[in-house]
1. Which ones in segment 149-187 are touching a Ser or Thr at 6+ places or on another chain (Cβ under 8 Å) and touching a residue at least 12 places away in the same chain (Cβ under 8 Å)?
2. Being open to solvent by 20 Å² or more (accessible area, probe 1.4 Å) and part of a loop (DSSP other than H, G, I, E, B): is that true of Arg57 here?
3. Out of (1) open to solvent by less than 50 Å² (accessible area, probe 1.4 Å); (2) over 23 Å from Ile64 (Cα atoms), the odd one out for Ala159 is which?
4. Checking Glu190 against (1) modelled with pLDDT of 95 or more; (2) among the acidic types (Asp, Glu); (3) over 14 Å from the mean Cα position of the chain (by Cα), which test does it fail?
5. Looking at Ala87, is it surrounded by 19 or more Cβ atoms within 10 Å (Cβ to Cβ), in a helix (DSSP H, G or I) and in contact with a Lys or Arg (Cβ under 9 Å, 6 or more places away or on another chain)?
6. Would you check if Asn112 is at pLDDT below 95, open to solvent by 60 Å² or more (accessible area, probe 1.4 Å) and either of a type outside the set (Gly, Ala, Ser) or closer than 26 Å to Ala25 by Cβ (or both)?
7. Can you find, within segment 75-84, the residue that is surrounded by the fewest Cβ atoms within 10 Å (Cβ to Cβ) among those that are under 15 Å from Val130 (Cα atoms) and small (Gly, Ala, Ser)?
8. Quick one: is Asp77 modelled with pLDDT of 95 or more and out of contact with any Gly (no Cβ under 8 Å at 6 or more places or on another chain)?
Amino acid sequence: MSVAGRTIEEYRELAQRIEAAGGAAALELNISCPNVSGGVDFGTDPDMCRQVVEGVRSACKLPILAKLTPNVTRIIDIAKAASDGGADAVSCINTVLGMAIDWRKQKPILGNVFGGLSGPAIKPVALRCVYQVAQAVDIPIVGIGGIATIDDVMEFMAAGASAIQIGTANYYDPTVSQKLVEPLPAALGELGAASA
């Protein structure tokens with residue numbers, strides 16, 4: 001389950017409530033959403049990242065994934081902070097910061113001015129981030145960003161991801177995940193993986 005908050009205490013409280021309610025296998029801390037005010041604060045500062053992960057870790061026993069932003073100078077510093085704070089894994093990456101402008105009105109189209117770009121356009125950035133983070137931390141990485149085909153999946157695995165998430169592709173093909181399950185074992189075998 002993905003959770004977000006404005007303060008460490010909000011993250012802690014959400015984690016406690018979710019764990020108490022049951023049914024969630026893990027928590028993904030969305031510390032990197034550019035679509036809301038303050039949504040990237042915890043994901044752009046290593047110390048704040050470590051503190052929020054530590055806070056959630058002290059509040060619940062569920063596995064914790066920290067969802068990282070590519071909108072930083074050195075993503076590996078944030079990944080290390082998440083790992084040091086007790087994250088069980090990191091998710092790489094959230095959306096890339098972008099904007100849209102109505103040139104006739106001469107003003108931004110998005111209410112928050114900036115927003116997150118996702119889909120195929122961010123795949124090269126996501127692969128780079130997964131690769132860099134895989135060289136820096138020993139916890140699993142969930143690859144995210146422009147994944148729609150089995151080749152995309154395998155590129156992320158080759159870059160260092162242990163698992164993947166599919167986001168934008170679900171909007172234009174709601175059956176995309178089902179289509180990727182069948183060829184996955186053969187592709188993993190070709191990569192040399194011992195198990196799927």
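1. Hits for segment 149-187 are Gln165, Ile166, Gly167, Thr168, Leu180.
2. no
3. Failing condition for Ala159: (2).
4. Exception for Glu190: condition (1).
5. Answer is no for this residue.
6. In short, yes.
7. The extreme case among them is Ser83.
8. So Asp77 passes the test.
The values are calculated or read from the model by the stated rules, or taken from the named source; none is laboratory data. Worth saying up front: this structure is predicted, and the values here are computed from it rather than measured. Backbone-built Cβ (ideal geometry, glycine too); neighbour counts: all protein chains shown. For the accessible areas, the whole protein counts, side chains as well, though only heavy atoms, and no ligand, DNA or RNA atoms are used. Shrake-Rupley method; radii C 1.70, N 1.55, O 1.52, S 1.80 Å.
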